[in-house]
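Derivation of every value follows stated rules applied to the coordinates shown; laboratory data play no part. As the structure is a computational prediction, the values presented were derived from the model and not from experiment. Note that we place each Cβ from the backbone using ideal geometry, even for glycine, and neighbour counts take in every protein chain shown.
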Amino acid sequence: MAHHGLCVARADGRVVFVRHALPGERVLARITDVSHDRYWRADATEILVASPDRVEPPCPHARPGQCGGCDWQHATLDAQRRLKATVVEDSLRRIAGLERAVRVEPLPAKADDGLGWRTRMRFARTPDGGVGLRAHRSHQVVATPDCRIAHPSLAQVIADPVFLQGPAAPERTGQAVDLVATKLTASGTTSDAVAFSTGSGSWQLVRLRPEDGLEPVAPEAGAAEEPVEVAGPAGVAEAVEVVETVEGRSFRLEPGVFWQVHPAAAATLVDAVRAAAAAAPGETALDLYSGAGLFAAFLAEAVGPTGRVIAMESDEAAVRSAARSLADLPWVSLRSLRVTPATVRGLIGGSDRQGGGVDVAVLDPPRTGAGREVMAALLAHRPRRVVYVACDPAALARDVAAAAEEGYRLTALRAFDLFPMTSHVECVATLEPA
Ligand SMILES: C[S@@+](CC[C@H](N)C(=O)[O-])C[C@H]1O[C@@H](n2cnc3c(N)ncnc32)[C@H](O)[C@@H]1O
């Protein structure tokens, strides 16, 4: 198994990356891409010798040439986790020269079937007015009105004509709509709702009624815990907030701001990061690539008012969201800045009169990783511990190798199945001075 859920196969001496296959299988494959000299791409269309890990995909759209959303609907969940573990192990071995056995931990879920978990999704409009997901490595939108990994609230919305023909559905073919499963509290009662945004910069809302489907939100309604002003076409609420709660702490999210897509992911990662960081009262902690301030908030609780947290994030909307959610933690300094070698080097000092060093650092970079230069700038502060949250095992391995050059070694690694049915895996790595 290579990265991205592709099996490495050989045909006539050439490497072929095969989708829809599993290690050990013999398949008939249709070549889909011959544009590279060194390798081709293919889809397994017929399984001649099946792996014992193979199952019938629960989703009708997880087929060659169809939806590109899931990679591994055709494998048991247990096999998916074993394969993710081998991908992390291989990356560490090949790129960082480290031998380490990895176990991928499942997340708490009502049913561990890998379905109905995804609470945040981006769909696009199909030519005939429905919504769907993109085909693998393609702009083509495949109708997925019955997406099986979508949270039931999202599934209800994308299959409902009230939404699809309503004033807020995407108008143009290919136009995207972001959906988030949330709760609506109005007049003292809470009901399931879905917030959506078609890129207007604000969330709108539909309430889900168990008896007869969707209801555009009435003007006096509010989102989450607070009443809000609403207006707009057909009684659809505008400018509502999406509020995520982790351990009783609320995070207020503007559209487009990063938040994990599995409902148990944020709490699971907070637990793992907090335990790995072991920040103590009075310490200075960094949160790089801090998004809406998830880790900064819990680091701030750990270091307390005698300590401080410096968070750095380039998305202004995320920094605004964090500022509102962490207003009760004034010892968090939120910096609306790109993480670069220069900004990380200058984190402490200059206009920062408090001085002192960095005790603990958390970083949660995008898929490309932090990079050698940022790692070097960060480790020049000599934190006693670094917790690296990684959504890409190869980027993690590159940055672990860069850390080794600065005298830091990998002392712990946990991996989590935040994205069942896909080949994605999330790691929480601890680095300490060697
Ligand atoms: C994987 S998210 C992590 C967010 C947060 N830690 C969380 O768990 O919700 C990565 C974040 O890095 C931000 N980002 C990407 N490149 C960046 C850069 N060069 N400097 C600062 N932030 C960046 C993105 O906007 C995003 O919010």
Segments 62-74, 123-135 sorted - mean Cβ within 10 Å per residue, highest first: 62-74, 123-135
What 222 nm value per residue comes from the helices of the chain, counting each DSSP H run with n ≥ 4 as -39,500 (n - 2.57) and dividing by all residues, nearest 500 deg cm²/dmol? -6000 deg cm²/dmol
Gain on full stretching of the segment that runs from Asp37 to Val8 - 0.36 nm per residue minus C-alpha separation: 8.9 nm
Report the label-to-label distance for Arg54 and Ala111 in nanometres (one decimal), using points 7 Å from each Cα along the Cα→Cβ vector. 2.5
Which whole-percent values make up P(r) of the range 265-433 when all C-alpha to C-alpha distances are grouped in 10 Å steps starting at zero? 11, 42, 38, 8, 0
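Report, for the chain, the % of DSSP beta bridges that are antiparallel, rounded to 5.
So the antiparallel bridges in the chain amount to around 70 percent.
Report Rg/Rh for the range 3-54, rounded to two decimals, where Rg is the Cα radius of gyration and Rh the Kirkwood radius.
In the range 3-54, Rg relative to Rh is 0.95.
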Cut-off 10 angstrom, C-alpha nodes, Gaussian network model of the chain. Which of Asp364, Asp12, Asp271 fluctuates the most? Asp12
Can you tell me the convex hull volume per residue for the chain, based on C-alpha atoms, in Å³ to the nearest whole number? 156
Among DSSP beta bridges whose residues both lie in the range 3-54, state the antiparallel percentage, nearest 5. 70
Phi-derived 3J(HN,Hα) across the range 89-97 with the Karplus relation (6.51, -1.76, 1.60, θ = phi - 60°), rounded Hz, x for Gly and Pro, is 4, 4, 4, 5, 5, 5, 9, 10, x
Here the FRET efficiency for Arg382 versus Ala342, based on Cβ atoms and R0 = 30 Å and rounded to 0.05, is 0.95
Roughly how many Å is it from the Cα centre of the range 373-434 to that of the range 102-143, as a whole number? 27
Identify the trypsin sites (Lys or Arg not before Pro) of the range 1-66 meeting these criteria: DSSP loop state and at most 10 other C-beta atoms within 10 Å of the C-beta. Arg38
Could you identify which residue out of Val141, Val55, Val104 has the top mean-square fluctuation in a GNM of the chain using Cα springs shorter than 10 Å? Val55
Tell me, which longest segment in the chain has none of the GluC sites (Glu not before Pro) that fall in DSSP loops with at most 15 further Cβ atoms within 10 Å? 248-434
For a quick check: with amide H placed at 1.01 Å from N, whose amide H comes under 5 Å from Ala412's, ignoring anything fewer than 5 positions away on the same chain? Thr430
For the range 275-343 and the range 1-21, distance of Cα centres in Å: 42
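For the range 313-395, give the magnitude of the charge dipole about the Cα centre (Cβ charges: +1 Lys/Arg, -1 Asp/Glu; no others), in debye to the nearest 20.
In total the dipole reaches around 220 debye.
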Looking at the chain as a GNM with Cα springs under 10 Å, which of Asp160, Asp328, Asp37 has the largest mean-square fluctuation? Asp37
